[in-house]
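What follows is a single structure, written as structure tokens, with notes after it.
The values are calculated or read from the model by the stated rules, or taken from the named source; none is laboratory data. None of the values given here were measured: they were computed from a predicted structure. Here the Cβ is made from the backbone with ideal geometry for all residues, glycine too, and neighbour counts use every protein chain on show. Note: areas computed on protein heavy atoms with side chains; ligands, DNA, RNA excluded. Shrake-Rupley method; radii C 1.70, N 1.55, O 1.52, S 1.80 Å.
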Amino acid sequence: MDAYPHVEETKGSLGNWRKFVRLIQETKPSKALLLTALLLSIGATVVSLIIPMFTKGLVDGFTMSSLKSSQIVSLGIAFVVQTIASGVSIYLLNVIGQRVVASLRDRLWRKMLVLPVPFYDQNRTGETISRITNDTGIVKNLITEHLIAFVSGILSVIGSMVILFMLDWQMTLIMLTVIPVSALVLVPLGKQMFKISKGLQDETASFTGKLTQVLSEIRLVKSSNAEQREYENGAKGISNLLAFGIREGKVQAMIQPLMSFVLMLLLVIIVGFGGMRVSSGAMSAGDLVAYILYLIQIVIPMSQLSMFFTQVQKAIGATEHLMTILDTEEEDHSKQAKVKEGSLPMTVDHVNFAYEKGQEAILKDVHFHIPAGKVTAIVGPSGGGKTTLFSLFERYYEPTQGSIRLGDERIDSYSLQSWRSQIGYVSQESPLMDGTIRDNICYGMNREVSEEELKLATKMAYADIFIDDMPQGYDTEVGERGVKLSGGQRQRIAIARALLRDPKILMLDEATSSLDSKSEIVVQDALQNLMKGRTTLVIAHRLSTVVDADQIVFIEKGKVTGIGSHELLFEEHEMYREFAMQQLRIQEQGLRNVEALPMEPDQEDQHQEEQEAFEQKPLFLRKQQSM
């Protein structure tokens with residue numbers, strides 16, 4: 001079985017009531033409130049059982065002279081007590097239900113944050129969100145809307161049945177013959193409702209997943225003219241939800257009229273048969289009135305019980321999905337060992353890795369050493385496994401075989417928090433959270449960041465240039481995923497965030513890919529200062545980024561095919577030489593294009609800086625470019 005199962009594929013049984021009870025128990029609901037609510041509900045039900053007997057006495061001995069004010073007051077008090085007890089019990093159950101769902105959502109949210117990355121690879125985000133919101137709402141509805149009705153209904157049915165046997169056992173036996181016939185129809189309908197409800201929950205989660213994906217990438221949708229395609233996909237989901245809703249409506253349309261039919265049938269039988277017994281003197285008129293009132297107290301709760309069991313089917317289906325998430329294996333946070341002080345070399349020791357069992361390995365026997373305090377550049381064709389290797393360094397995944405070591409210790413021997421706190425990671429996407437620039441630069445810092453630290457980090461990342469030009473400065477809202485900023489601005493904020501962490505290990509995945517030439521030059525200078533004394537890993541496609549690295553590791557098709565300096569690989573590694581020459585031709589062509597265009601004064605300054613940067617390259621590089 002897959003270690004991280006798809007939530008929507010979880011199977012369960014109809015009668016898995018214990019799993020639901022376990023889920024509720026783990027939220028630790030207030031037993032005092034629950035007991036109080038149940039006692040009040042029982043009290044209200046007992047009062048409702050007394051009222052028909054009180055009515056019986058009034059009917060049998062009713063005369064204006066026999067009617068006493070105390071009887072009227074007593075009857076009024078009984079109604080008031082029943083109303084207040086019922087209202088308070090409903091309120092308390094709502095409080096309990098809301099607290100249970102809040103606790104459940106809190107558990108789920110906490111769980112989401114410690115689930116490993118492979119879980120999110122296999123489950124769409126929108127569907128998982130639907131489980132937290134919609135499925136927990138189903139559980140809440142069962143507690144707040146149906147639990148009291150169930151408890152009071154059971155008590156009302158049992159109490160009424162006992163009293164009915166005492167009033168007239170013959171008529172009661174006739175009534176009982178109708179109930180089993182109704183059950184023969186209701187039970188299959190309940191099973192059908194379970195299947196429909198479970199399918200409806202799955203389809204709702206799938207539809208939510210589609211909406212989340214499309215709306216989060218709305219710019220891609222519009223730029224690709226894919227509105228019609230996504231509309232059709234969404235319309236299909238809406239049609240599926242409609243189909244499930246209609247099927248659910250059909251079942252409910254059968255249940256409700258059936259219960260009404262049973263009620264009317266019983267009333268006709270009881271009134272007819274009871275009228276005969278009253279005329280024969282076998283029972284009094286008051287007995288017949290009380291009998292009918294008790295019959296109503298059986299039939300109405302029976303209808304509520306049918307709705308309760310329908311809701312139970314939904315809750316059990318929702319429980320299975322929720323328990324799948326809660327029972328999923330978490331990231332291992334049990335280790336408490338902290339990374340030791342000082343800079344240590346790292347070793348990638350014969351690592352193999354595949355995202356799923358049975359798939360072809362992405363990394364194959366990858367082995368190389370990473371000197372402490374030096375710069376190691378990882379280059380190679382796209383899809384070769386460079387970013388996957390970075391994911392292993394971050395411990396998003398564990399190697400299938402082999403290990404990664406810091407000094408003599410495997411990195412998985414350290415606590416995740418301690419290990420990840422040592423890493424400053426700047427990726428290609430430069431992700432930002434909705435909030436201010438300040439929030440994003442300080443994101444993940446578990447301490448108060450001073451204004452001086454913040455400004456120093458942004459200055460070193462050359463982010464202060466554009467931040468100071470904004471009216472709200474560091475309090476500028478970046479928008480969802482940073483859409484209000486340019487790609488280069490987002491990248492520099494990500495670099496400032498890494499600088500603020502003051503990491504021992506710096507990981508740069510195309511960290512300057514979104515910057516223009518001028519910004520790249522100054523940010524490269526900042527990164528050079530940051531790299532001093534740190535173990536740095538760089539993924540890059542630009543030759544200018546890796547040429548000064550202490551060592552270069554060339555990876556293609558998941559294998560290391562070359563390790564060494566730029567000079568060594570240029571001489572001995574054919575694919576690296578091709579890569580380097582291609583980059584030199586691109587840079588040379590770019591400079592020629594710039595020279596051919598008329599320039600503004602500031603453009604001339606930028607071109608002069610680029611030319612100076614080129615002239616500062618090692619002599620062998622300039623010779624290669626002039627070839």
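Observations on the model:
- Counting only strands (runs of 3 or more DSSP E) that fall entirely inside the stretch 354-414 and contain at least 1 residues that are under 26 Å from D332 (Cβ atoms) and over 28 Å from the mean Cα position of the chain (by Cα), the qualifying elements are 363-370, 401-406.
- Output for the stretch 346-361, where each listed residue is of a type outside the set (S, T, Y) and open to solvent by less than 60 Å² (accessible area, probe 1.4 Å): M346, V348, D349, V351, N352, F353, A354, A361
- The set of residues in the stretch 91-148 that are of a type in the set (K, R) and part of a helix (DSSP H, G or I) comprises R99, R105, R107, R110, K111, R131, K140.
- When V101 is tested against (1) farther than 21 Å from V312 by Cβ; (2) surrounded by 15 or more Cβ atoms within 10 Å (Cβ to Cβ); (3) modelled with pLDDT of 80 or more, exactly one condition is not met: (1).
- Matching residues in the stretch 569-579 - criterion: being open to solvent by less than 70 Å² (accessible area, probe 1.4 Å) and among the aliphatic types (A, V, I, L, M): L569
- Picking from residues in the stretch 215-250 that are part of a helix (DSSP H, G or I), at pLDDT below 75 and not charged (D, E, K, R), the one that is least open to solvent (accessible area, probe 1.4 Å) is V221.
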